[in-house]
Structures are given as C-alpha cells and as structure tokens.
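Enquirer: Structure in structure tokens, see below.
The values are calculated or read from the model by the stated rules, or taken from the named source; none is laboratory data. This is a predicted model, so every value here is computed, not measured. Don't worry about glycine lacking a Cβ; one is built from the backbone with ideal geometry, like all the others, and counts go over all protein chains shown. When the accessible area is computed, the model is the full protein with side chains, heavy atoms only, and any ligands, DNA or RNA have been set aside. Shrake-Rupley method; radii C 1.70, N 1.55, O 1.52, S 1.80 Å.
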Amino acid sequence: VLMLGESGTGKTFIAQKIHALSPRRLGPFIQVGLTSDLGSDNIGQSNLFGHERGAFTGATEQKQGLFSLANGGTILLDEIGDASPELQAKLLRVIDTSTFKRLGGVHDIQVDARIIAATHQPVEAMVREGKFRQDLYYRLNVIPIHVPPLREQPESVPALADFLLARVTGASGN
C-alpha cells in the first residue's frame with residue numbers, strides 16, 4: 001500500500017485502520033518515521049533491520065530491528081520519499097524476498113509483514129527525476145491511496161465536527 005498526501009491528512013490513522021481491520025490485526029503495528037525515528041543511515045538501518053554484535057562501534061550485543069518486531073503484522077514506513085538510495089535498495093530486497101540481513105550479519109532473516117508506505121513527496125515525479133527507484137515505486141504502488149486534505153473535501157467537515165464534539169463532551173459515538 002502506498003499512501004500519498006500532505007502532512008497532517010491522516011495517513012497514519014488510515015494505516016492503523018487498515019491494520020486493525022485486516023487478518024493481521026492480532027499482530028503488531030510498527031510505525032517508523034524514516035526521517036524522524038531512524039537517524040543517520042547506518043543507525044537507521046540498524047533500527048530497521050537490527051545489527052549483530054560488533055557490527056559497529058558501540059554494538060555490544062545483537063539487536064532485533066523493527067522489521068523483526070513487525071513479523072506477523074504491519075509496518076508503516078512513513079516518509080518513504082525521504083529514504084536514501086541505499087535504504088531504498090534494502091527495502092526493495094525485503095519486498096521481493098521477504099528477507100533481510102542484520103547490519104553486520106551474514107544470514108537471511110525471514111519476515112512476514114505487510115508494508116504500508118506513506119509520503120507527502122511527489123514520488124512519481126521523483127522516479128522520473130531519478131531520485132526514487134522505479135522498481136521500488138512499482139512494488140509499493142500496488143494499492144495507491146490518495147489522502148486529500150480537508151480543504152478538498154468540505155462535505156466531511158460536519159461529520160468531523162460531530163465526531164470531535166462527541167469526543168470532547170464524552171458522548172458515545174464512533
């Protein structure tokens with residue numbers, strides 16, 4: 001699933017609902033902000049894929065990555081448009097083979113996780129400009145979801161206002 005939309009349009013909320021209404025709902029839902037949660041490329045890859053003891057200075061023990069934690073569930077890769085070329089290649093491998101290697105590792109680790117990617121970036125234009133891998137784009141874009149901003153769907157404002165009012169007043173509702 002590839003969700004496209006401006007920041008603040010509810011892409012994370014929709015990803016959570018996709019997970020909650022799916023056969024994977026009993027598995028974990030792991031949300032990863034590729035720019036905010038991961039840090040530099042090596043540390044980011046360690047967070048996503050894990051690392052072996054001694055893989056880098058400070059790696060004193062083996063660490064499970066977020067993909068391992070998402071096994072049996074869903075992983076949301078938020079801001080996929082900001083992924084480095086190296087990370088894009090590794091994500092493509094996970095999608096194609098359902099396997100990855102920990103940083104510093106030599107053995108493939110099998111993973112069964114639904115991947116939902118989200119971005120506010122114009123990924124299709126980025127593909128044309130050579131800034132985003134075309135093969136990764138096609139594998140992510142199997143089910144595209146465009147999440148429009150509220151200003152493009154004014155008919156939703158009354159229902160949203162009713163929902164928020166019910167939440168604030170404690171009235172039972174959705």
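Enquirer: For residues that are in a loop (DSSP other than H, G, I, E, B) and of a type in the set (S, T, N, Q), scanning just the stretch 27-49, find the one that is modelled with the lowest pLDDT.
Expert: Checking each candidate, the answer is S40.
Enquirer: Checking the structure you have, find out if any residue of the stretch 93-103 is among the acidic types (D, E), more than 26 Å from S22 (Cα to Cα) and not in a loop (DSSP other than H, G, I, E, B).
Expert: For the stretch 93-103, residues among the acidic types (D, E), more than 26 Å from S22 (Cα to Cα) and not in a loop (DSSP other than H, G, I, E, B): absent.
Enquirer: How many residues does the stretch 6-26 contain that are buried (at least 18 other Cβ atoms within 10 Å of the Cβ) and part of a loop (DSSP other than H, G, I, E, B)?
Expert: Final tally of qualifying residues: 2.
Enquirer: Which is at pLDDT 95 or above, under 17 Å from the mean Cα position of the chain (by Cα) and surrounded by 12 or more Cβ atoms within 10 Å (Cβ to Cβ), of I95, I109?
Expert: Only one candidate passes the filter, namely I95.
Enquirer: Hey, another quick one. Answer yes or no as to whether E86 is open to solvent by 50 Å² or more (accessible area, probe 1.4 Å) and touching a His at 6+ places or on another chain (Cβ under 7 Å).
Expert: No: the conditions fail for E86.
Enquirer: If you go through the stretch 112-133 one residue at a time, how many are over 19 Å from the mean Cα position of the chain (by Cα) and of a type in the set (A, V, I, L, M, F, W, C)?
Expert: Qualifying residue count, the stretch 112-133: 1.
Enquirer: If you don't mind, there's one more thing I want to ask. Anything in the stretch 129-157 that is part of a helix (DSSP H, G or I) and among the polar types (S, T, N, Q)? List them, or say none.
Expert: Answer for the stretch 129-157, where residues must be part of a helix (DSSP H, G or I) and among the polar types (S, T, N, Q): Q134, S156.
Enquirer: Please specify each residue of the stretch 63-83 satisfying the condition of being open to solvent by less than 40 Å² (accessible area, probe 1.4 Å), more than 16 Å from Y138 (Cα to Cα) and in a helix (DSSP H, G or I).
Expert: Selection gives F67, S68.
Enquirer: Follow-up. Regarding the stretch 26-48, can at least one residue be identified that is β-branched (V, I, T), closer than 24 Å to M3 by Cα and out of contact with any Asp or Glu (no Cβ under 7 Å at 6 or more places or on another chain)?
Expert: Yes, there is a match, as at least one residue in the stretch 26-48 is β-branched (V, I, T), closer than 24 Å to M3 by Cα and out of contact with any Asp or Glu (no Cβ under 7 Å at 6 or more places or on another chain).
Enquirer: Within the set of pairs 6+ apart or on separate chains, which have a first residue in the stretch 160-172 that is farther than 13 Å from L150 by Cβ, a second that is modelled with pLDDT under 85 and surrounded by 10 or more Cβ atoms within 10 Å (Cβ to Cβ), and C-beta atoms under 6 Å apart?
Expert: Hits for this filter: A166/G173.
Enquirer: Further, regarding this structure: State the number of residues belonging to the stretch 117-128 that are surrounded by 17 or more Cβ atoms within 10 Å (Cβ to Cβ) and either in a helix (DSSP H, G or I) or out of contact with any Asp or Glu (no Cβ under 9 Å at 6 or more places or on another chain) (or both).
Expert: Summing the residues that are surrounded by 17 or more Cβ atoms within 10 Å (Cβ to Cβ) and either in a helix (DSSP H, G or I) or out of contact with any Asp or Glu (no Cβ under 9 Å at 6 or more places or on another chain) (or both) in the stretch 117-128 gives 2.
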